[in-house]
Structure formats: structure tokens, C-alpha cells
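Student: Sharing a structure below in C-alpha cells format, with a few things to ask.
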Amino acid sequence: MNVSKFEGREPVSMIIDADTGIDDALAILYAVKSPAIRLEAVCTVFGNIDVDQATDNTLRLIQLAGARDRVQVVKGASKPLEREFQGSTSHVHGENGIGGAVLPPSDQLPLGEAAADYLVRIANERPGEVTLVLMGRMTNLALALRRDPSIASKFRSVVVMGGNVLVPGNVTPVAEANFWGDPESAAVLMEAGLPLTVIGLDVTLQTLLTRDALDELGKTCLPENAPLVDFLKDSFAIYFDFYQQVNKLDNACPLHDPLAVIAAVFPEMVTCTTLHASIACGDRLTDGMVVTDRRVFPSVGNPVSFALEVDADTALEELYSVFK
Ligand code: BDR
Ligand code: CA
């Protein structure tokens with residue numbers, strides 16, 4: 001039985017923007033299965049892999065989740081706003097971005113509209129209705145904001161997985177992958193006046209999926225969800241290995257993107273602090289760094305809400321619940 005903490009709330013209309021890698025895939029499956037979410041579309045972007053692979057992975061995942069009739073896939077940017085794409089992170093997410101797991105091809109076609117145009121259109125057609133969760137480079141929304149700055153106030157909320165405030169980075173000593181991969185776009189978001197919440201490494205590194213928990217989920221999930229959990233077990237194998245080597249985690253990995261989706265629906269699971277923030281752009285050492293002004297009288301940057309604490313156990317329980 002599904003024991004999600006939904007408890008009769010109106011489902012949140014959601015668009016996800018993803019560079020569909022391993023943790024993005026879990027976040028998308030969670031969003032499809034959650035009764036608290038009406039997932040309308042997944043926009044794709046370069047990042048963990050190139051945008052064509054991200055789009056193909058997304059189409060296959062949506063089919064796996066049985067959601068082809070209700071979730072559109074919208075192809076987005078192939079490179080950062082002002083830079084070149086630095087290339088895939090196959091050492092983290094595998095050659096195909098989903099840990100080498102093989103999913104059947106889908107004959108669903110991406111929408112015939114670029115992701116940035118789609119975001120502009122939806123925000124204008126339904127102001128205040130849609131929650132947007134960004135889980136890769138923020139290029140699609142940055143392009144959309146450049147095209148029509150008025151959309152900044154037209155999303156119900158915008159939740160971003162990216163950045164780090166009080167903990168080290170994961171690509172450089174000071175920067176997290178999604179901000180580092182397109183710092184100019186992250187900077188556009190910080191300055192746009194969006195209803196923005198940033199879910200960064202401060203909280204995602206505390207929200208750990210263990211190999212044992214995933215195995216256990218395979219035993220306790222509903223039969224109809226067994227193919228999804230089998231896929232996750234295949235896909236996450238190299239992710240656990242990566243985090244063992246790089247973060248010395250013991251058969252566990254952080255849930256970066258899934259936590260962003262969960263926090264978009266259950267904001268009470270994170271504790272946020274508003275800080276003046278800017279994104280460093282234009283210096284190899286600090287590119288993508290979140291510079292927060294934590295002085296008594298902050299004056300540099302714009303006020304942004306950063307999640308700095310998380311109720312990780314409750315978030316994990318919520319994540320598992322949608323498969324049971
Ligand atoms: C972020 O970078 C990507 O590798 C993950 O999918 C996540 O969005 C974590 O830094
Ligand atoms: Ca991602």
C-alpha cells in the first residue's frame with residue numbers, strides 16, 4: 001500500500017528539468033509514482049550526458065514507468081549559456097548516463113518545441129500553477145528568462161538541485177556540478193526574482209540511499225513496481241562504487257535530485273535559510289561557487305533561500321513509500 005505523506009493535499013503540478021543520469025532517473029520515477037505530484041513534463045538538458053542521450057533516457061524511463069500518455073518530454077539546451085559543454089561524466093553516471101542499465105527504446109516523440117520556449121509558454125498560460133524542479137544545468141530556465149523576464153513571477157515555486165554553502169564542492173573544491181557546468185545560467189536564476197529554493201550538497205550529502213535499502217525495496221515493493229526497482233538496482237551499482245571511491249561512503253550514495261523533488265512537495269522536510277548570494281563566473285578556480293554574504297549587514301548578491309538542514313530519514317521514507 002502506498003503510504004506517502006500526501007494525506008489528501010492537492011497534487012502539485014510539476015515540470016522537471018533533468019540531465020537524466022542515475023539520480024535524475026530515480027527522481028523522475030518518484031515524481032511519476034507519487035500521488036502528491038502531477039508530473040506534466042520532463043525537459044532535458046546536457047550535463048551528466050549530452051542532451052540527445054538525456055532525452056532518450058527520459059523517453060525510455062517514462063515508458064518504463066507507464067506514463068507515456070501523461071508525461072511529455074521536451075528537449076532542451078545542448079550547451080551552456082556562454083560556454084562550451086565540458087563533456088559527459090561517464091566516470092560517475094556510466095557511458096549511457098544511467099549506469100549502463102538497458103531500457104527498451106520508446107516510440108514516444110519529444111514535443112516539437114524547445115524546452116526554453118515550452119517554459120515561457122506554460123508560465124504565461126498558467127501563471128502561479130506550476131512547480132518547476134531543476135536537476136541539471138540551469139540553462140533552459142536561463143534561456144527562458146532571457147526571452148521573457150516576466151515569467152520569473154509566474155511559477156508557483158522553483159526548486160533547484162545545485163550548489164553548496166557550508167560544505168565543499170563536488171567537482172572543484174568550491175563548486176557543485178550543476179552550478180559549475182553552467183555558472184552564468186545559475187547566476188541568471190539568482191538574480192531573476194524567482195520563488196527559488198536551492199537544495200544543495202549541504203542537504204543532499206546527508207540524504208543517503210544504501211545498497212541494502214535498495215535491495216530491501218526490491219523485496220517489499222508492489223509487484224507492478226518490481227521492474228522499476230530492478231532498473232534502479234542495475235543503474236545504481238556504479239553510483240555506489242563511485243561514492244565508495246570518492247567520498248568513502250560504504251555502499252551508499254547521496255540522493256541529490258530525488259531530494260529536490262521531495263522538498264518541492266514537502267518543504268517541511270528541509271530547513272531553509274535566506275542568504276545574500278552570487279555565483280562566481282569567469283575564474284577557473286571558483287567557477288560555479290556560491291558566494292554567500294554572511295556578514296551582519298549583507299550587501300553582495302540577492303536574497304536566496306538555501307536548504308541547510310534536512311530530515312533525511314523522513315525524506316527517505318517518503319521516497320520508498322511510492323514504490324510500496
Ligand atoms: C548533481 O550533478 C549530477 O551529477 C547529479 O545528477 C546531480 O544533479 C549533483 O552534484
Ligand atoms: Ca542531475
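Student: Restricting attention to the stretch 10-28, which residues are in a helix (DSSP H, G or I) and touching a His at 6+ places or on another chain (Cβ under 8 Å)?
Tutor: Ile22, Asp23
Student: Of the conditions (1) buried (at least 24 other Cβ atoms within 10 Å of the Cβ); (2) more than 21 Å from Arg137 (Cα to Cα), Ala31 fails just one. Which one is it?
Tutor: All conditions pass for Ala31, except number (2).
Student: Using the structure shown, decide if Glu184 is of a type in the set (D, E, K, R), open to solvent by 10 Å² or more (accessible area, probe 1.4 Å), more than 23 Å from Val12 (Cβ to Cβ) and free of Cβ contacts under 8 Å to residues at least 60 places away in the same chain.
Tutor: Taking the combined requirement at face value, the residue does not satisfy it.
Student: Go through the residues of the stretch 185-199 one by one and say whether even a single one is over 18 Å from the mean Cα position of the chain (by Cα) and closer than 25 Å to Ser88 by Cα.
Tutor: no
Student: Given the condition on the phi > 0 side of the Ramachandran plot and not hydrophobic (A, V, I, L, M, F, W, C), answer yes or no: does some residue in the stretch 117-125 qualify?
Tutor: Within the stretch 117-125, none of the residues are on the phi > 0 side of the Ramachandran plot and not hydrophobic (A, V, I, L, M, F, W, C).
Student: If I go through the stretch 48-70 residue by residue, how many of them are closer than 30 Å to Glu84 by Cβ and either open to solvent by 60 Å² or more (accessible area, probe 1.4 Å) or part of a helix (DSSP H, G or I) (or both)?
Tutor: Matching residues across the stretch 48-70 total 13.
Student: In the stretch 143-167, which residues are more than 13 Å from ligand 1 (Cβ to nearest atom) and either hydroxyl-bearing (Ser, Thr, Tyr) or under 16 Å from the mean Cα position of the chain (by Cα) (or both)?
Tutor: Hits for the stretch 143-167 are Ser150, Ser153, Ser157, Val158.
Student: Could you list, in sequence order, all residues of the stretch 32-42 that are more than 14 Å from ligand 1 (Cβ to nearest atom) and either assigned to a strand (DSSP E or B) or under 19 Å from Pro110 (Cβ atoms) (or both)?
Tutor: Once the filter is applied, which keeps residues that are more than 14 Å from ligand 1 (Cβ to nearest atom) and either assigned to a strand (DSSP E or B) or under 19 Å from Pro110 (Cβ atoms) (or both), the stretch 32-42 yields Val32, Ile37, Arg38, Leu39, Glu40, Ala41.
Student: If I ask for residues that are surrounded by fewer than 24 Cβ atoms within 10 Å (Cβ to Cβ), of a type in the set (S, T, N, Q) and in contact (Cβ under 8 Å) with a residue 40 or more places away in the chain, which ones from the stretch 127-158 would you list?
Tutor: Thr131, Ser153, Ser157 - these are the residues of the stretch 127-158 that are surrounded by fewer than 24 Cβ atoms within 10 Å (Cβ to Cβ), of a type in the set (S, T, N, Q) and in contact (Cβ under 8 Å) with a residue 40 or more places away in the chain.
Student: While we're looking at this one, here's another question. Among Asn140, Asn170, which is within 15 Å of the chain's Cα centre (by Cα) and either assigned to a helix (DSSP H, G or I) or within 16 Å of ligand 1 (Cβ to nearest atom) (or both)?
Tutor: None of the other options fit; the residue is Asn140.
Student: Sort out which residues of the stretch 281-324 are under 21 Å from the mean Cα position of the chain (by Cα) and either assigned to a loop (DSSP other than H, G, I, E, B) or modelled with pLDDT under 95 (or both), and write them in order of number.
Tutor: Scanning the stretch 281-324 gives Asp287, Gly288, Met289, Asp311, Val322, Phe323.
Student: Another question, then. Out of the helices (runs of 4 or more DSSP H) lying entirely within the stretch 198-277, which hold 2 or more residues that are within 14 Å of ligand 1 (Cβ to nearest atom) and open to solvent by 20 Å² or more (accessible area, probe 1.4 Å)?
Tutor: Result: 226-247.
Student: Test Arg137 against the criterion of being within 15 Å of ligand 2 (Cβ to nearest atom) and not small (Gly, Ala, Ser), and give yes or no.
Tutor: Judged against the criteria, Arg137 is a match.
Student: Do we find a residue being out of contact with any helix residue (DSSP H, G or I) (no Cβ under 6 Å at 6 or more places or on another chain), open to solvent by 60 Å² or more (accessible area, probe 1.4 Å) and of a type in the set (Ser, Thr, Tyr) anywhere in the stretch 292-306?
Tutor: Yes, the stretch 292-306 contains a residue that is out of contact with any helix residue (DSSP H, G or I) (no Cβ under 6 Å at 6 or more places or on another chain), open to solvent by 60 Å² or more (accessible area, probe 1.4 Å) and of a type in the set (Ser, Thr, Tyr).
The values are calculated or read from the model by the stated rules, or taken from the named source; none is laboratory data. Given the structure is predicted, the values throughout are model-derived calculations rather than measurements. All Cβ positions, even for glycine, are placed from backbone atoms using ideal geometry, and neighbour counts span all protein chains on display. Each accessible area value is taken on the protein alone, full model and side chains, heavy atoms only, with ligands, DNA and RNA left out. Shrake-Rupley method; radii C 1.70, N 1.55, O 1.52, S 1.80 Å.
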